[in-house]
Amino acid sequence: MTSKNTSEKPWGGRFHHTTNNSVEKFTESVSFDYRLYRHDIMGSIAHTRMLMKVGVLEEDESNTIIQGLEAIHKEIEAGDFQWKMELEDVHMNIESALVQKVGDVGKKLHTGRSRNDQVATDLRLYLRDEIDQIRGSLQKLMGAICNLAESEAQTIMPGFTHLQVAQPVTFGHHLMAWFEMLKRDDERMVDCRKRVNSLPLGAAALAGTSYPLDREYTAELLGFERIAQNSMDAVSDRDFVIEFCSAASIIMMHLSRFSEELILWINPMFGFIDIDDAYCTGSSIMPQKKNPDIPELVRGKSARVFGDLMAMLTLMKAQPLAYNRDNQEDKIALFDVIDTLHGSLEIYAGMIPEITVNRDAMLNAASQGYATATDLADYLVKAGMAFRDAHDAVGKTVSYAIENGKALSELTLDELGEFCPNLNEDIYQYLELNGSVNARDIIGGTAPAQVRNAIASGREYLKGIQ
Ligand code: ARG
């Protein structure tokens with residue numbers, strides 16, 4: 001359906017017919033980019049102030065525009081604003097409402113600006129705030145991990161390689177491995193934020209503008225650390241979105257690994273932990289079930305975030321300079337990543353304190369897998385044997401112990417002596433789990449003293465960034 005009408009759209013001047021209805025539906029973005037309203041208005045206010053500073057707007061014009069924008073902001077917050085699909089996007093909805101509210105002077109707002117540099121600015125302002133929120137949740141989770149690690153600093157559990165019992169570790173140590181991953185994630189977010197924090201305004205459509213804009217001043221008003229140095233790059237660059245989605249994907253990958261472990265540990269066959277009912281769900285058919293749906297969903301949601309990263313890379317890969325409408329799709333992926341990541345971090349931060357630990361089950365599992373065999377080999381090496389020979393001797397000892405259904409610490413000195421020469425009574429303190437764990441008293445090791453150091457420096461890190 002087309003009919004003659006040129007006046008409604010801000011870009012309608014050269015058009016003779018109104019937009020086809022299905023084209024309006026297909027091209028609109030306001031249904032999702034309305035989320036940028038706060039940052040859109042913030043950017044417009046800064047642009048207006050700058051226009052006044054450089055003499056493009058009179059003071060009263062600037063004041064009227066700013067008051068109008070502030071009133072629109074309030075209306076949106078109060079839920080009284082009418083979003084119109086036919087006005088395409090958040091930018092044109094707000095601009096048109098401004099003109100309606102303050103009259104013709106509102107039409108001066110867009111001087112020296114294009115939606116191309118406007119949307120890039122909005123997105124950067126928006127993402128910068130979201131990164132700060134996400135870091136808040138990430139740090140909350142890191143704090144919760146430190147707390148649990150502290151109460152479990154000397155809880156012994158099996159450490160695994162190949163998901164087979166390898167060597168005993170402390171649960172606190174295992175938890176602090178998660179902390180390390182999240183700390184790198186936090187650092188990645190800080191790094192990503194630096195490149196987000198650059199001002200595109202002034203690039204206009206693609207080539208810059210002939211108005212004497214003071215870009216430094218706009219940047220200062222909006223808290224941007226730098227100004228985009230090439231107008232064509234400024235309007236088309238979405239590296240910052242890709243970088244964020246990539247850092248977010250790494251976080252989701254980490255959360256997915258945590259999830260996998262929690263799912264295993266809550267299984268009664270492991271029985272290492274329990275998660276409070278408040279963070280579990282049941283089965284509609286099997287009354288006995290208590291399912292770890294939160295970790296499962298976080299593991300599952302990581303798939304969508306990775307998909308969004310792929311979508312962003314694919315969105316950008318064949319785009320010629322400068323702005324192309326393809327870029328409108330960036331928000332769908334970005335918003336999904338932000339929501340999913342933020343939601344997952346928040347739920348995790350709430351769930352970690354609800355974990356109860358079954359220390360007996362952990363100890364029992366660690367006792368069963370000949371987890372101190374390496375300690376026996378190390379003992380022999382310290383008594384002068386070559387490591388490969390020691391490895392072989394201990395292998396034979398373990399095989400004997402399995403055949404006789406005994407733990408290593410249950411073998412007599414004579415039995416041990418069959419395979420391992422030069423052993424003294426003191427060997428038992430190494431074969432015992434506590435001895436094994438305490439012996440790994442090296443920076444980064446599993447000894448409780450080291451775990452406490454790691455917790456202390458973890459807390460220092462968290463304090464330093466607040
Ligand atoms: N809604 C558009 C987007 O998200 C805003 C920029 C439109 N620019 C244009 N030249 N049509 O990318």
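State yes or no: is Thr19 β-branched (Val, Ile, Thr), within 16 Å of the ligand (Cβ to nearest atom), crowded, with 17+ Cβ neighbours inside 10 Å and in contact (Cβ under 8 Å) with a residue 60 or more places away in the chain?
yes
For region 405-420, name all the residues that are free of Cβ contacts under 8 Å to residues at least 12 places away in the same chain and touching a Leu at 6+ places or on another chain (Cβ under 8 Å).
Hit for region 405-420 is Gly417, nothing else.
Six or more apart or on different chains, Cβ under 7 Å: which pairs go from a residue in region 201-218 that's under 15 Å from Asp122 (Cα atoms) to one that's basic (Lys, Arg)? Could you list them?
Once the first residue is under 15 Å from Asp122 (Cα atoms) and sits in region 201-218, its partners that are basic (Lys, Arg) give Leu201/Arg113; Leu201/Arg215; Gly202/Arg215; Ala204/Arg113.
Looking only at region 426-466, which residues are outside any helix (DSSP H, G or I) and not aliphatic (A, V, I, L, M)?
Passing the criteria: Asp426, Glu432, Arg440, Asp441, Gly444, Gly445, Thr446, Gln466.
Identify the residue in region 226-258 that is among the polar types (S, T, N, Q) and over 18 Å from the mean Cα position of the chain (by Cα) and, among all such residues, is nearest to Asp330 (Cα to Cα).
By that ranking, first place goes to Ser236.
Given the criteria buried (at least 17 other Cβ atoms within 10 Å of the Cβ), more than 26 Å from Ile332 (Cα to Cα) and of a type in the set (Asp, Glu), does Glu95 qualify?
Here the answer is no, as Glu95 does not meet what is asked.
Just the residues that are crowded, with 20+ Cβ neighbours inside 10 Å and part of a helix (DSSP H, G or I), please, taken from region 149-171.
Ala149, Phe171
Give the residue that is nearest to the ligand (Cβ to nearest atom), with candidates limited to residues of region 71-92 that are surrounded by fewer than 16 Cβ atoms within 10 Å (Cβ to Cβ) and either within 26 Å of Met52 (Cα to Cα) or basic (Lys, Arg) (or both).
Looking at the filtered set, the residue picked out is Lys84.
Kindly list, by first and then second residue, each pair from a residue in region 176-193 that is closer than 19 Å to Ser151 by Cβ to a residue that is β-branched (Val, Ile, Thr) and buried (at least 21 other Cβ atoms within 10 Å of the Cβ), limited to pairs with Cβ atoms under 6 Å and residues at least 6 apart or on different chains.
Qualifying pairs under 6 Å: Trp178/Ile145; Phe179/Ile145.
Kindly list the number of the only condition in (1) of a type in the set (A, V, I, L, M, F, W, C); (2) more than 16 Å from the ligand (Cβ to nearest atom); (3) surrounded by 17 or more Cβ atoms within 10 Å (Cβ to Cβ) that fails for Leu36.
Evaluating Leu36 over (1) of a type in the set (A, V, I, L, M, F, W, C); (2) more than 16 Å from the ligand (Cβ to nearest atom); (3) surrounded by 17 or more Cβ atoms within 10 Å (Cβ to Cβ) leaves (2) as the failure.
Need the failing condition index for Glu220 against (1) within 28 Å of His342 (Cα to Cα); (2) of a type outside the set (Phe, Trp, Tyr); (3) away from the ligand (no atom under 16 Å from the Cβ), just the number.
(1)
Read-outs throughout are calculated quantities, based only on the coordinates presented, and are distinct from any laboratory measurement. Just so it is clear, the structure is predicted and the values come from calculations on it, not from any experiment. Glycine gets a Cβ as well: all are built from the backbone with ideal geometry, and neighbour counts include every protein chain shown.
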